[in-house]
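Please read the structure below before turning to the comments.
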Amino acid sequence: MSAPAISVVNAKAAYDARWKRIMDCVALRQPDRMPVTLFGTFWLAKYAGISHRRLMYDLDGAAAVAERAVLDLDPDTVSPLVLQTAMGPTLEALDYKQVQWPGHGVGDNQPYQYLDREYMPPEEYDDFLFDPTGYYLRVYLPRIMGAFEGFSEFPSIAGGFYFRLFGNVRGFASPALQDAWARVQQAAKVSQQLADANTRFIARMADLGYPMGNIATTGAPFDVLGDYFRGARGILTDMRRRGDKLLEACDKMRVLLVRQVVPAARASGNPIVFIPLHWAPDAFMSEQQFRTFWWPSFRQLMLDLIAEDLIPMPMWESDCTKRLEIIKDIPAGKAIYWFERADIVKAREVLGDVVALRGNVSPSILTTGAPEDVDAAVKFIVDNVHDKGGRIILDAAFGLPDETPVENVRAMFRAARKYSG
Amino acid sequence: MTATNEQEAQLVHHLAEMEEDEGLELAKKMLLEEGADPLRVLELCRKAMDIVGKKFEDGEYFLPELVLAGEMLDTIGAIAKPLIKSSPGEEPRKLGRILIGTVHGDLHDIGKNIVTFMLDINGFDVKDIGIDVPATTFVSEIESYKPDVVGLSGFLTLAFDSMKDTIASIDQAGLREKVKIMIGGGQIDETVRAYTGADAFGVNAVEAVSLCKGWMGVNA
């Protein structure tokens, strides 16, 4: 499909109308209709009939495919589609070890997948807590990215003073460290190319009248520690074996996450911060454990973002229906809660006067159903959430499943307008 | 000297209540200092795991407790098993054989591991064949292991087609009527069950256990 002729004035008006629709939802005002958003990763490969691998490595190609999909579906907001897929060259330059991706551990037509491992053994909690930057430089980065291996010889700086600092400087002559510098500099250039492609895509979308649904992202402190440091087995047993240490680390991680994401969100010009969540579901821990270990640092992180005029958009993975009463405890009209498998009708009942909702057309219907099944699923959400006063941004449960037939996606967008307009 | 009944009850209590340090210390003392029968100690562990499983089913325990219980069991097992001198005799009869694995293309295993653990402590023989398992491997494992139930696990939506393909391969190999097939994972629901041709799906480990017990004619 060729791009329709869109005048600058019309595009600006369309952009403003779409953005207002989202902001009305956030502020718990009635939007002119239910917004519907495009969030996808490897569904774009399905859409374009290209391999996952190509989508990960061809920056311009990924942007072109994403633009075609946007113009085809005409969403109210768009996710950073290029940034979410075309990271192959960056991962390769860094020799990144926490995921496997097409050509690196999984097949050419499979999505990248995170590897659950213990990346920080329990005895290193104290090192992380005492000096997180030193821990990252000398221990964590060399462990998770081959390009940083030589950083294990990064000289100890803190505690040096006056002439003694001269001695420390010699450490920078380490051949391993110098080799790592070269690799990291090269990787930085590749990473900058990805960032530039992302920036161009966002600008192009704005020119066409489409705001981004988010640009900046962060994580919940517990989840970041669980997924990327301790691993599932580690974080789960830490709750029993070293709860105090875990809580201390969650608090520290929260501060670090906020310091990272606030400037990033400000620089992006988009206030919505996407926060995919992992360890919150009903089935993973008891209510007491959730209230003790998971929720306090995450709630505070959301409050920290809200205090900076940012809009947290947590995506509550899996079924979090039993958590609704607990997670209600944030200021009204300041956040978007995106639910994957939680009961969205119940979510409207419990949270309708607190947050905007997002979601959650079933992945199984999208991937295995017919367009009329998708239509019915959207109608159900309109009837039971939007028409009952819930401020909902329609999306699939976690963005479009990679395998969704294109006709089903078109049916989802068509139904969103048909029933809520 | 052999372990006293009070001591035995204490060991079960420590393990079931997640008192890891006390439980491991007592187990070591019984095994290494007091010459307790290692088979008896393992039986006590099994009793404790029964309680853990019940508490999980009742919604008192969650993943942290299941994982910790598994680690305590592994630690005690590693000490006890080398101490077993005589042949253990006939293994207690198990409720049935379960073959489980994450389907091709999917590398996730947290849910599968929890289901494996729960089936094991509920008296099933479980063979876990890992992640990213091709359909042909499931077929050959069914032929050699002869399970009563096959569990297909998958977290990603790509697992829908992998599960469907795996079940089709089992069918083509003439094995479909010989096994019950259950599926589970983050996105699985009745729509996916119908799509794949599985006999049943479960949304958690408790449902997996009750499905298997139902198929084996055991009261859940």
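The values are calculated or read from the model by the stated rules, or taken from the named source; none is laboratory data. None of the values given here were measured: they were computed from a predicted structure. Every residue, glycine as well, gets a Cβ built from its backbone with ideal geometry; the counts of neighbours run over all protein chains shown.
Kindly indicate the residue of the stretch B:134-169 that is within 21 Å of the chain's Cα centre (by Cα), over 21 Å from B:LYS94 (Cα atoms) and aromatic (Phe, Trp, Tyr) and also nearest to the other protein chains (Cβ to nearest Cβ) among those meeting that condition.
Selected residue: B:PHE155.
I'm checking my understanding of the structure. Among residues of the stretch A:288-299 that are farther than 30 Å from A:ALA267 by Cα and not hydrophobic (A, V, I, L, M, F, W, C), which one is nearest to the other protein chains (Cβ to nearest Cβ)?
So the residue we want is A:GLN289.
In the stretch A:108-122, which residues are more than 7 Å from chain B (Cβ to nearest Cβ), over 18 Å from the mean Cα position of the chain (by Cα) and part of a loop (DSSP other than H, G, I, E, B)?
Within the stretch A:108-122, A:ASP108, A:ASN109, A:ARG117, A:GLU118, A:TYR119, A:MET120, A:PRO121 meet the criteria.
Between B:ILE110, B:ILE131, B:ILE114, which is in contact with a strand residue (DSSP E or B) (Cβ under 8 Å, 6 or more places away or on another chain) and within 14 Å of chain A (Cβ to nearest Cβ)?
B:ILE131
Of (1) closer than 24 Å to A:ARG21 by Cβ; (2) surrounded by fewer than 20 Cβ atoms within 10 Å (Cβ to Cβ); (3) of a type in the set (S, T, N, Q), A:SER79 satisfies all except one. Which?
(2)
Could you check, for the stretch A:215-222, whether at least one of its residues is at pLDDT 95 or above, under 28 Å from A:PHE274 (Cα atoms), surrounded by 13 or more Cβ atoms within 10 Å (Cβ to Cβ) and within 14 Å of chain B (Cβ to nearest Cβ)?
Within the stretch A:215-222, one or more residues are at pLDDT 95 or above, under 28 Å from A:PHE274 (Cα atoms), surrounded by 13 or more Cβ atoms within 10 Å (Cβ to Cβ) and within 14 Å of chain B (Cβ to nearest Cβ).
Looking at this structure, is A:VAL385 within 19 Å of A:ASP72 (Cα to Cα), crowded, with 17+ Cβ neighbours inside 10 Å and more than 12 Å from chain B (Cβ to nearest Cβ)?
Answer is no for this residue.
Can you name every residue in the stretch A:267-287 that is away from chain B (no Cβ under 11 Å), assigned to a helix (DSSP H, G or I) and either over 25 Å from A:PRO80 (Cα atoms) or touching a residue at least 12 places away in the same chain (Cβ under 8 Å) (or both)?
A:SER268
Of all residues in the stretch A:85-99, how many are surrounded by fewer than 20 Cβ atoms within 10 Å (Cβ to Cβ) and under 23 Å from A:PHE398 (Cα atoms)?
2
Six or more apart or on different chains, Cβ atoms under 7 Å: show the pairs whose first residue is in the stretch A:55-83 and under 22 Å from A:VAL36 (Cβ atoms) and free of Cβ contacts under 8 Å to residues at least 12 places away in the same chain and whose second is outside any helix (DSSP H, G or I) and among the aromatic types (Phe, Trp, Tyr).
Short answer, once both residue conditions are applied: none.
Given the criteria at pLDDT 95 or above, surrounded by 15 or more Cβ atoms within 10 Å (Cβ to Cβ) and in contact with a Leu (Cβ under 6 Å, 6 or more places away or on another chain), does A:ASN198 qualify?
For A:ASN198, the condition - at pLDDT 95 or above, surrounded by 15 or more Cβ atoms within 10 Å (Cβ to Cβ) and in contact with a Leu (Cβ under 6 Å, 6 or more places away or on another chain) - is met.
If a residue has to be more than 13 Å from B:LYS164 (Cα to Cα) and in contact with a strand residue (DSSP E or B) (Cβ under 9 Å, 6 or more places away or on another chain) to count, how many in the stretch B:185-199 make the cut?
Of the residues in the stretch B:185-199, 4 are more than 13 Å from B:LYS164 (Cα to Cα) and in contact with a strand residue (DSSP E or B) (Cβ under 9 Å, 6 or more places away or on another chain).
Taking the stretch A:350-373 on its own, how many of its residues are assigned to a helix (DSSP H, G or I) and under 30 Å from B:LYS164 (Cβ atoms)?
Here the count works out to 9.
If you check A:MET87, A:MET56, which single one turns out to be out of contact with any strand residue (DSSP E or B) (no Cβ under 7 Å at 6 or more places or on another chain) and aliphatic (A, V, I, L, M)?
Going through A:MET87, A:MET56 in turn, the sole match is A:MET87.
Only one residue in B:GLU71, B:GLU25, B:GLU8 is in contact with a Ser or Thr (Cβ under 8 Å, 6 or more places away or on another chain) and either among the acidic types (Asp, Glu) or part of a helix (DSSP H, G or I) (or both), so which one is that?
Among B:GLU71, B:GLU25, B:GLU8, only B:GLU71 is in contact with a Ser or Thr (Cβ under 8 Å, 6 or more places away or on another chain) and either among the acidic types (Asp, Glu) or part of a helix (DSSP H, G or I) (or both).
How many of the residues in the stretch A:251-266 are of a type in the set (A, V, I, L, M, F, W, C) and either closer than 30 Å to B:ILE114 by Cα or not in a helix (DSSP H, G or I) (or both)?
1
Can you name the residue in the stretch A:300-324 that is over 17 Å from the mean Cα position of the chain (by Cα) and free of Cβ contacts under 8 Å to residues at least 40 places away in the same chain and is also nearest to the other protein chains (Cβ to nearest Cβ) among such residues?
My answer is A:ASP319.
From the residues in the stretch A:325-375 that are free of Cβ contacts under 8 Å to residues at least 40 places away in the same chain and among the basic types (Lys, Arg), which one is nearest to the other protein chains (Cβ to nearest Cβ)?
Among those that are free of Cβ contacts under 8 Å to residues at least 40 places away in the same chain and among the basic types (Lys, Arg), it is A:LYS346.
Within the stretch A:1-29, track down each residue that is in a loop (DSSP other than H, G, I, E, B) and modelled with pLDDT under 95.
Hits for the stretch A:1-29 are A:MET1, A:SER2, A:ALA3, A:PRO4, A:ALA5, A:ILE6, A:SER7.
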